[in-house]
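S.K.: Before I ask anything, let me first share the structure, which is written out below as structure tokens.
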Amino acid sequence: MKIGTYYYPEQWPASDWTRDFDRIASMGLQVVHLAEFAWGTIEPRESDYQLDWIQTCLELAQERNLDVVLCTPTAVVPVWMVDRDPSILFKGIPFGGRRHANHFHPLYRERSAMVVEAMAKRFGDHPSVIGWQIDNEFNGPMDQAEITHRAFQQWVEARYGTIEKLNNAWGCAFWNTFYTSFSQIKFPSSHDPAYRNPHQCLDGMRFWASAFADFSRLQADILKKYVGNRWITTNFMPFHQNTDPRDFSDQLSLYSWDTYPITGWGKEFKDERFRLADPSGVGFMHDQMKSYNGRWALMEVQPGQVNWTGVPVRLMPGAVRQLLWQAIAHQCEFITVYRFRQPRFGIEMWHDGLVTWDGTTASQGGREFSQVIEEVRSLSTQVAGVTCNDHLPLDADPTHPTIGLFHEQDQVFAMLTQPQAKAWSQSKLVVQYHAAIERLGLGVKVFDRHATVEQLSQTKILVAPAIQIASDAMVETLRKYVETGGHLVITARSFTTDLNNRAPKGAYGHRLFDLIGARIDGYDSLPDETFGEIDFQKRKHRWQVWSEQVTPTTASVIGTFADQFYAGAPAITENRLGAGRVTFVGAIDQGSLADAVLEYVAEQHRMPVTIVPKRTRLHRLREIDVFLNFSERSVDAPVPEGATLLIGQKRCESGGVTIWRRPPGA
């Protein structure tokens, strides 16, 4: 795998370019990312395409054996386009930033197609270009321009066919807000219904996400005519409410995302862990990106202090190095970083680069990038399956046990529009269970509703945190997974609504009853800073956000509520169904319960687990293990007897990395 950097030659004098490319190469970087926001330089006047400067940079890269990621520049429109038609911008958003143009506007779409075609014709088959990034971090305000309302009307008409079906799907009978024509419908201005129609807001989020995917598809279809077998990607943000990565699956050959986990957010820290990443959310996103087609990259990774958090904490030495190794251990194909040179102007001038304002001095993050590049190069001479001169990910260990994790963005959308409990966070819940699996040193495979029974059966255990919206077909798929021998771990607030987030006919959660072998009697949520407890495996575990109380029919009780008026009621149950079983977790807790349940379930299947300390991670590859210490204190890495240390020490310091070759047979 290779490591590289973003570079913005259009922001610097051409006289700097040779020096900058020399510096990029001297730091060991192997990939350069170009042209992301450069439309104003590429097309300074309508149809006047200035592409020679890109050709010059490609030649500079080729002379230094640097690969290039070329980007479509559509995230920022040139001012002449706004002069021609000011309505090209999102309503109320002035010119002068990024992602401010309305992707429904015909002029924007026409000119986007033209600039992409001009670039693809010129550079589509250039030998240094390894792939193309479309646009940048798709997002934008839920626009209220008439063109957007018309697009939403067309989308819902295509989805429902008749206005009567829409009125039913949206539950318009509730406030008697019936529509008689699709032309009366408006695109919501927010995911929050503000006591209006939550079903309309849910469809609004789906529409907005699909619209960004459609705009990307416009560009991908053009690129595919010119780029041969080079990959096409766009860079996602984690759990972002404006996109659903699944919507892009027909156009992207590689998935990528951006991570900036060290924000300084939080309060009353008793130590300095805020200077290190929390590996939980980062690790989940790596596995989610890998889940769609098996190919993924980390397009942006935090190089140091950033400009946008309001708390620009200085990173702990080793923090950037850890992020790189975490991505490598999750088998990315390459890593690039925003950005090489720290800008001396603009809104992101306080965002660190790999080199500082003088353009040559490596920052702390830059030095750690060079360190990891050298470490990968060293490993490539010692370990089979580790390469540094191509874009192959490190080899996985095919014998390593993996647990499945069910997640889809539609669940995030639904919970944002109608969370019921104000403290509910679907993303935090999914990350919590991902962390509980990685705590055991096991691998994670992410699935969504498109998975078949055969695909789900690749894992003995499947964890499904709060699948609230579910079709009957999805329920049946999970039932068959269990009946054919799978072990489903499913939490409270699952199967409670249909795909329109309406309650299906029947008791609360009735589609879950046969699966879990119990009836749900009701749900509960506790006030701020108020916690209940659950007895499980001779320990007490706190919960607060949500719980469900059940009466078993065929299930066995393995955990109970320790307090509240229903103290002693079942909280965790286990049910046999066909050749498999279902573990029901009736509470959304503070983390320890998820850890305990996954440990219990893995033990039932006699999985070879290695429980690692909090905020540490152990990743098993074909010949080597990678241990990362994101905690604030030194810990012992679980280096087995007879292993050969390759990087680091058995006593792994805070912010440290330890890598070893396993002994034969281990």
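S.K.: Only sites in a loop by DSSP and with at most 16 other Cβ atoms within 10 Å count here; which trypsin sites (Lys or Arg not before Pro) in the stretch 197-266 make the cut?
M.R.: The qualifying sites are Lys224, Lys225.
S.K.: Using 7 Å Cα-to-Cβ label points, what is the Ser249/Arg502 separation (nm, one decimal)?
M.R.: Label at Ser249, label at Arg502, 2.6 nm between them.
S.K.: Among the GluC sites (Glu not before Pro) within the stretch 123-159, which fall in a DSSP loop and have no more than 13 other Cβ atoms within 10 Å of their own Cβ?
M.R.: Qualifying residues, ordered by number: none.
S.K.: What FRET efficiency, computed as 1/(1 + (r/R0)^6) with R0 = 51 Å and r the Cβ-Cβ distance, is obtained for Ile93 and Glu641, rounded to the nearest 0.05?
M.R.: Efficiency, rounded to the nearest 0.05: 0.25.
S.K.: Rg and Dmax of the chain, Cα atoms, in Å?
M.R.: Using the Cα atoms of the chain, the pair Rg, Dmax is 25.8, 77 Å.
S.K.: Related question: Relative to the Cα centre, what is the charge dipole magnitude of the stretch 336-395, using +1 at the beta carbon of each Lys and Arg, -1 at the beta carbon of each Asp and Glu, and rounding to the nearest 20 debye?
M.R.: Computed charge dipole of the stretch 336-395: roughly 220 debye.
S.K.: Please report the equivalent ellipsoid semi-axes of the stretch 229-309, computed as sqrt(5 x eigenvalue) of the Cα gyration tensor, largest first, in whole Å.
M.R.: Equivalent ellipsoid semi-axes, largest first: 29, 12, 11 Å.
S.K.: For the chain, what's the relative contact order in percent, using C-alpha pairs closer than 8 Å and at least 6 residues apart?
M.R.: 11 percent
S.K.: Could you grab the relative contact order for the stretch 337-438? Cα pairs under 8 Å, six or more apart, rounded to a whole percent.
M.R.: 11 percent
S.K.: What FRET efficiency would be calculated for the residue pair Tyr49, Ser26, taking the C-beta separation as r and a Förster radius of 56 Å, to the nearest 0.05?
M.R.: It comes to 0.95.
S.K.: Calculate, in nm to one decimal, what Asn389 and Asn168 gain on full extension: separation in residues at 0.36 nm each, minus their alpha carbon distance.
M.R.: 73.8 nm
S.K.: Using the alpha-carbon centroid of each, what span in Å lies between the stretch 160-225 and the stretch 602-646?
M.R.: Here the two parts' Cα centres lie 46 Å apart.
S.K.: Kindly state, to the nearest 0.05, the FRET efficiency for Thr553 paired with Glu157, given R0 = 41 Å and r defined as their beta-carbon distance.
M.R.: Taking R0 as 41 Å, the efficiency between Thr553 and Glu157 is 0.40.
S.K.: In Å, the Kirkwood hydrodynamic radius of the stretch 43-90 over pairs of distinct alpha carbons?
M.R.: Taking every pair of different Cα atoms in the stretch 43-90, averaging 1/r and inverting gives 13.0 Å.
S.K.: While we're here: Can you tell me which lysines have their Cα less than 19 Å from the Cα of Lys540? Leave out same-chain residues fewer than eight positions away.
M.R.: Lys614
S.K.: Cα extents of the stretch 154-254 along the three principal axes, largest first, in whole Å?
M.R.: 54, 28, 16
S.K.: So what is the relative contact order for the stretch 273-391, in percent, with contacts set as C-alpha pairs under 8 Å and at least six apart?
M.R.: Reported as a whole number, the value is 23 percent.
S.K.: Turning to a different aspect of this structure: Shape call for the stretch 593-666 from the C-alpha gyration tensor, a ≥ b ≥ c root eigenvalues: rounded (a/c under 1.5), prolate (a/b greater than b/c) or oblate?
M.R.: Judged from the Cα gyration tensor, the stretch 593-666 comes out oblate (a/c at least 1.5, b/c at or above a/b).
S.K.: Quick one: pull the percent of accessible area on the chain belonging to carbon and sulfur, 1.4 Å probe, ligands and nucleic acids left out.
M.R.: Carbon-and-sulfur percentage of accessible area, whole number: 50.
S.K.: Here is a follow-up. Trypsin sites (Lys or Arg not before Pro) within the stretch 530-582: which are DSSP loop residues with at most 12 other Cβ atoms inside 10 Å?
M.R.: Sparse-neighbourhood loop trypsin sites (Lys or Arg not before Pro): Lys538.
S.K.: In the full protein assembly as shown, how much of Phe345 is accessible to a 1.4 Å probe, in Å² to the nearest 10?
M.R.: 100 Å²
S.K.: Turning to a different aspect of this structure: For Phe152, Phe269, Phe174, give me the order by solvent-accessible area with a 1.4 Å probe, most accessible first, ignoring ligands, DNA and RNA.
M.R.: Phe174, Phe269, Phe152
S.K.: With both bridge residues required to lie in the chain, what share of the DSSP beta bridges run antiparallel, to the nearest 5%?
M.R.: 50 percent
S.K.: What is the magnitude of the charge dipole of the stretch 108-245 about its Cα centre, with +1 placed on the Cβ of each Lys and Arg, -1 on the Cβ of each Asp and Glu, and no other charges, expressed in debye to the nearest 20?
M.R.: Approximately 280 debye in magnitude.
S.K.: Find how much the distance from Thr399 to Thr610 grows on full extension, using 0.36 nm per residue of separation minus their present alpha carbon separation; answer in nm with one decimal.
M.R.: Length gained between Thr399 and Thr610: 74.5 nm.
S.K.: How many nm is it between the label spots at Gln649 and Thr530, if each spot is 7 Å from the Cα in line with the beta carbon?
M.R.: The answer from the label model is 5.0 nm.
S.K.: If you don't mind, there's one more thing I want to ask. For the stretch 53-111 and the stretch 545-593, compute the distance between their C-alpha centroids and round to whole Å.
M.R.: The stretch 53-111 and the stretch 545-593 have Cα centres spaced 53 Å from each other.
S.K.: Taking a ≥ b ≥ c as the square roots of the Cα gyration tensor eigenvalues, with a/c under 1.5 meaning rounded and otherwise prolate when a/b beats b/c, else oblate, which class fits the stretch 409-506?
M.R.: oblate
S.K.: Considering only protein heavy atoms, what per residue accessible area in square angstrom results for the chain with a 1.4 angstrom probe?
M.R.: Dividing the accessible area of the chain by its residue count gives 39 Å².
The values are calculated or read from the model by the stated rules, or taken from the named source; none is laboratory data. From a predicted model like this one, the values you see are computed outputs, not experimental measurements. In this analysis, Cβ positions are derived from the backbone assuming ideal geometry, glycine residues included, and neighbour counts consider all displayed protein chains. When the accessible area is computed, the model is the full protein with side chains, heavy atoms only, and any ligands, DNA or RNA have been set aside. Shrake-Rupley method; radii C 1.70, N 1.55, O 1.52, S 1.80 Å.
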